[in-house]
Amino acid sequence: MYKTILLAYDGSEAGRTALLECSDLAAIAQSQVHLIAVVQPIPAAVLYEVVISEVPDAADETEHHRRVLEEGIAILRERGYPAQGHLARGEPVEQICEAARRLAAHLIIVGHRRPKGWAERWWKGSLGASLLDASPCSVLISMPAKR
C-alpha cells in the first residue's frame, strides 16, 4: 500500500485536516511519514508592485515555516507516529515532487481550502491541480468539511 507518505503541511485548517487524515492512513498502512513545508519565493512582479517595507523578510518566512513544520511533527508524534520533517525553498509543486522522488514516496497528501470565488482561484491558481499533473506518485487531496 502506501509505505512512504509525504504530507505538504502549511499549518492551515486544511493542512491540519490533511495531517489528521495522514495519521489515520499511516496507522492503517503502517507508513513512514514525512512532512514538507515549502518557503515560496515572492514573485518579482509582486515585489515591483508593493512597497519594499511590506515585503516579508526571507529569514522570517523561513523561521515561520520551520515552526509550522515542527508543530506538524509534534502533532503526529503525540498521536504515536514518528515523522521526519523537510524544509524546502522554491515553487511548492516542484519542491513537493522533488521530495517525493527523493523519498520514493507512494503517496503525497495536501490540504485544500475551497476558494471563496472565481477571482481567488484565478489569482492563486491550484496547487492540487498542478500537483496532479507533475506528481511521481498518487495524490490525496484532503478538504475540511463544508460549513
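The values are calculated or read from the model by the stated rules, or taken from the named source; none is laboratory data. These numbers come from a predicted model, not from an experiment. No Cβ is skipped: glycine too gets one built from the backbone with ideal geometry, and neighbour counts run over all protein chains shown.
So here's what we get for this one:
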quantity	calculated
Any pair with Cβ under 7 angstrom, 6 or more apart, that starts in the range 77-94 at a residue that is at negative phi and polar (S, T, N, Q) and ends at one that is part of a helix (DSSP H, G or I) and modelled with pLDDT of 95 or more	none
Hey, residue 104 at pLDDT 95 or above, within 25 Å of residue 2 (Cβ to Cβ) and either of a type in the set (D, E, K, R) or surrounded by fewer than 17 Cβ atoms within 10 Å (Cβ to Cβ) (or both) or not	yes
Those residues of the range 1-16 which are buried (at least 16 other Cβ atoms within 10 Å of the Cβ), of a type outside the set (A, V, I, L, M, F, W, C) and in contact with a His (Cβ under 9 Å, 6 or more places away or on another chain), in sequence order	2, 4, 10, 11
The listed residue being at pLDDT 95 or above, assigned to a helix (DSSP H, G or I) and under 19 Å from residue 139 (Cβ atoms), out of 21, 70, 98	98
Residues (of a type outside the set (A, V, I, L, M, F, W, C) and either under 20 Å from residue 61 (Cβ atoms) or part of a helix (DSSP H, G or I) (or both)) located in the range 4-18	9, 10, 11, 12, 13, 15, 16, 17
Residue that is nearest to the chain's Cα centre (by Cα), among those in the range 72-82 that are over 14 Å from residue 24 (Cβ atoms) and crowded, with 17+ Cβ neighbours inside 10 Å	72
Criterion violated by residue 134 - all others in (1) touching a strand residue (DSSP E or B) at 6+ places or on another chain (Cβ under 7 Å); (2) of a type outside the set (Asp, Glu); (3) at pLDDT 90 or above; (4) more than 17 Å from residue 16 (Cα to Cα) satisfied	(1)
